[in-house]
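Report on one structure; see the data block that follows.
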Amino acid sequence: MKKSRLPFATLLLVLVFFYLPIGFLVLNSFNNSRYASKWNGFSTRWYERLTERDDLVAALGNSLKIATGASLASMVLGTAAAFALRHRASKLQDAHRLLVAVPLVLPDILMGMSLLLLFISFGLKLSLFTITLAHITFCLSYVALVVQARLQDFDFNAVEAARDLGATKLQAFVKVTLPLLAPGILAGGLLAFTLSIDDYVITYFVKGPGSDTLPTLVYAMIKKSKDLPVINALSSIMLLVTFAVVAVSQRLTRPTPSSI
Amino acid sequence: MNKERRSEILATAPSFLWLAMFVLVPVLIIFAIAFRPALPAGGIGEGWSLDAVRSLAEPAYLSLLLRTLWISALTTAACIALSLPVAYAMARLTPVWRSRVLLLVIVPFWTNFVIRVFAWQQILHAQGYLAELLRGLHLIGPNDRLLGNLGAVVLVSVYTYLPFSILPLFAAAEKFDFGLLDAARDLGAKPARAFFGVFVPGVRQGIITAFLVVFIPMLGSYVVPDMVGGTGTQMIGNKIAQRNFSDRNLPEAAALSGALALLVLAPMFLRRKEKPQ
């Protein structure tokens, strides 16, 4: 049979399209020149410059604080949601499912705008706290999605065996269900962490003055065309971290050899 | 039964209440504040007013809406057109290569969005290699810019949303019975005819999902037109941000957001109503 080569050529082109800009950015971060259009020799000076930037370090600290809080809270809330959604045929779960789906489809700008108006209406001062509340909200839905997928091929016989052997419901949950489900919950938490670190639009709407995260600070620097080579260096480091996170997450979500 | 119900409510309560508080209530507040008067200093006034909602009738908003729909439609069409052959090719790979390529498609989804748009901004920059190259080849004039136009916004939007449309189409292509294509060819169909006549209808559900996951977020696009677009490519999202941060007119920002919310959420509810049949 003759296979058409066109789809494979498209696939190859698309992969090049995906990675060319990223590669260009990493390459440029080692460019001695201040401008992107001239290669002026290899240099690590933009990376050295990074260590002198206290504002970037502070923003990174903020990002990490928010992402840690948001991923921990959304792991708890999202896992509970995934368990609740297993009760299929009920009106409550229909409404619940719709609520969980809304943050997944609502454009970021609407989520940011609506949360800003909520915080203003309730007189809440915009701060790292309001950013964390916003991040928990969209992370929750993603964790629920990941854990739900894991629950679909979860072997509940192990839990029932524990119950038959005299474990209470709580004991069975803590000693059997949670450990078996842990990789799924952790993968959800990792996704939440990345989404939180990544978020710009929602954060921009609900952040107060002075509470910059890494993306909002970088964005402001880009808009002012300030220290672009430093952003290249920073971006390269962030990309490296992302690749490491993906590698870990791949490990977690890979199906285990035996289900128990 | 009663105990079962209680444990269901107990498991549902945390996420349900959280989302009601931070999703449902805020969306309702958008619609409420759209009917409030704006204070000159930037606050929200007492009482009710139709000023903000009435301002939506300005002709400038109609062209803003049409431009938003047009940019979103172009991006979605380009994403689906590219994703169809990609999903086809991925589904025909050996399982080992399939999971490798799948990983390569997913990784951009994990990388920072602002950074990816920034990378393009540098590539398309007036003094960048690409502009110099195209100028050298006389493909663009000395004063032509690669940034700030519709092409740049659509290109970078496609770049950021392509993984979202590849994934559902790949999921559909994986379930597609490729024997049908062989049958079509045995019956004399040319490869292109078999592709469009058999494969494309076969992954219809994937196309619908891909459409939704690209088109809906595109309607609320803000970062891409802000970073690589210009005044001629402003979308609804940019206007909302402008009303909010520059003009400090929260009721007008809310009215615009409300209109966008209706535009985005209406198809979702219509789809739910259709489903049971």
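The values are calculated or read from the model by the stated rules, or taken from the named source; none is laboratory data. Everything quoted here is computed from the prediction, not taken from an experiment. Here Cβ is always computed from backbone atoms with ideal geometry, including for glycine, and neighbour counts include all displayed protein chains.
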message: Looking only at region A:236-260, filter to residues that are modelled with pLDDT of 85 or more and either touching a strand residue (DSSP E or B) at 6+ places or on another chain (Cβ under 6 Å) or more than 10 Å from chain B (Cβ to nearest Cβ) (or both); which one of those is nearest to A:ASP153 (Cα to Cα)?
response: A:ALA244
task: Select from region B:50-80 the residues that are aliphatic (A, V, I, L, M) and over 17 Å from B:THR209 (Cα atoms) and list them in ascending order.
output: B:LEU50, B:ALA52, B:VAL53, B:LEU56, B:ALA57, B:ALA60, B:LEU62, B:LEU64, B:LEU65, B:LEU66, B:LEU69, B:ILE71
query: Pairs, please: C-beta under 8 Å, at least 6 apart or cross-chain, first residue more than 9 Å from chain A (Cβ to nearest Cβ) and in region B:69-96, second of a type in the set (S, T, N, Q) and assigned to a helix (DSSP H, G or I)?
result: B:ILE71/B:SER157; B:ILE71/B:THR233; B:THR75/B:SER157; B:THR76/B:SER165; B:CYS79/B:SER165; B:ILE80/B:SER165
- prompt: Taking into account only those residues within region A:110-123 that are at the interface with chain B (Cβ under 7 Å from one of its Cβ atoms) and in contact (Cβ under 8 Å) with a residue 12 or more places away in the chain, which is farthest from B:LEU212 (Cα to Cα)?
  reply: A:LEU115
message: Name the single residue that is modelled with the lowest pLDDT among those in region A:1-15 being surrounded by 13 or more Cβ atoms within 10 Å (Cβ to Cβ) and at the interface with chain B (Cβ under 7 Å from one of its Cβ atoms).
response: A:SER4
- request: Quick one: which residue in B:ILE106, B:ILE123, B:ILE115, B:ILE140 is modelled with pLDDT of 90 or more and of a type in the set (A, V, I, L, M, F, W, C)?
  value: B:ILE115
message: Going by what's in this entry, would A:ALA134 be described as in contact with a Phe, Trp or Tyr (Cβ under 8 Å, 6 or more places away or on another chain), within 12 Å of chain B (Cβ to nearest Cβ) and assigned to a helix (DSSP H, G or I)?
response: yes
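Hey, could you check region A:34-52 for residues that are of a type in the set (Lys, Arg) and touching a helix residue (DSSP H, G or I) at 6+ places or on another chain (Cβ under 7 Å) and say which is surrounded by the most Cβ atoms within 10 Å (Cβ to Cβ)? Talk me through it step by step, then tell me what you get.
Within region A:34-52, the first condition is being of a type in the set (Lys, Arg), and the residues that meet it are A:34, A:38, A:45, A:49.
Right, trim to touching a helix residue (DSSP H, G or I) at 6+ places or on another chain (Cβ under 7 Å) and you get A:34, A:49.
On the way: A:ARG34: 11, A:ARG49: 15.
Filtering first and then ranking leaves A:ARG49.
Which residue out of A:GLY184, A:GLY166, A:GLY189 is modelled with pLDDT of 85 or more, away from chain B (no Cβ under 13 Å) and under 30 Å from A:PRO21 (Cα atoms)? Talk me through it step by step, then tell me what you get.
Details: A:GLY184 fails: under 30 Å from A:PRO21 (Cα atoms); A:GLY166 fails: under 30 Å from A:PRO21 (Cα atoms).
That would be A:GLY189, the only listed residue that is modelled with pLDDT of 85 or more, away from chain B (no Cβ under 13 Å) and under 30 Å from A:PRO21 (Cα atoms).
What number of residues in region A:146-169 are over 30 Å from the mean Cα position of the chain (by Cα) and on the phi < 0 side of the Ramachandran plot?
Of the residues in region A:146-169, the ones over 30 Å from the mean Cα position of the chain (by Cα) are A:157-169.
Now restrict to residues that are on the phi < 0 side of the Ramachandran plot: A:157-165, A:167-169.
Summing the residues that are over 30 Å from the mean Cα position of the chain (by Cα) and on the phi < 0 side of the Ramachandran plot in region A:146-169 gives 12.
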- prompt: Based on what the data block shows, is A:LEU85 of a type outside the set (S, T, N, Q), out of contact with any Asp or Glu (no Cβ under 8 Å at 6 or more places or on another chain), surrounded by 14 or more Cβ atoms within 10 Å (Cβ to Cβ) and closer than 30 Å to A:PHE154 by Cα?
  reply: yes
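Suppose we keep only residues that are among the polar types (S, T, N, Q) and facing another protein chain (nearest Cβ under 10 Å) within region B:221-267. Which one would you say is farthest from A:LEU117 (Cα to Cα)?
B:SER221
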field: Pairs where the first residue, in region A:219-235, is surrounded by 18 or more Cβ atoms within 10 Å (Cβ to Cβ) and modelled with pLDDT under 90 and the second is of a type in the set (A, V, I, L, M) and not in a helix (DSSP H, G or I), C-beta under 8 Å, 6+ apart
entry: A:LEU228/A:ALA36
- prompt: Looking only at helices (runs of 4 or more DSSP H) that fall completely inside region A:41-109, which ones have 2 or more residues that are more than 11 Å from chain B (Cβ to nearest Cβ), closer than 30 Å to A:SER127 by Cβ and in contact with a Gly (Cβ under 6 Å, 6 or more places away or on another chain)?
  reply: A:54-84
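Does A:ARG34 fit the bill of being outside any helix (DSSP H, G or I) and not hydroxyl-bearing (Ser, Thr, Tyr)?
Values: outside any helix (DSSP H, G or I): yes; not hydroxyl-bearing (Ser, Thr, Tyr): yes.
So A:ARG34 fits the description; yes.
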message: Show the residue pairs meeting these rules: Cβ distance below 6 Å; 6+ apart or different chains; first residue within region B:98-109 and closer than 15 Å to B:SER83 by Cα; second residue surrounded by fewer than 18 Cβ atoms within 10 Å (Cβ to Cβ).
response: B:LEU104/A:LEU15
- request: Please work out if A:VAL100 is touching a helix residue (DSSP H, G or I) at 6+ places or on another chain (Cβ under 6 Å) and β-branched (Val, Ile, Thr).
  value: yes
field: Residue in region B:114-122 that is under 21 Å from A:VAL218 (Cβ atoms), at the interface with chain A (Cβ under 8 Å from one of its Cβ atoms) and β-branched (Val, Ile, Thr) present
entry: yes
- prompt: modelled with pLDDT under 95, under 25 Å from B:LEU147 (Cβ atoms) and in a helix (DSSP H, G or I) - does that describe any residue in region B:245-256?
  reply: yes
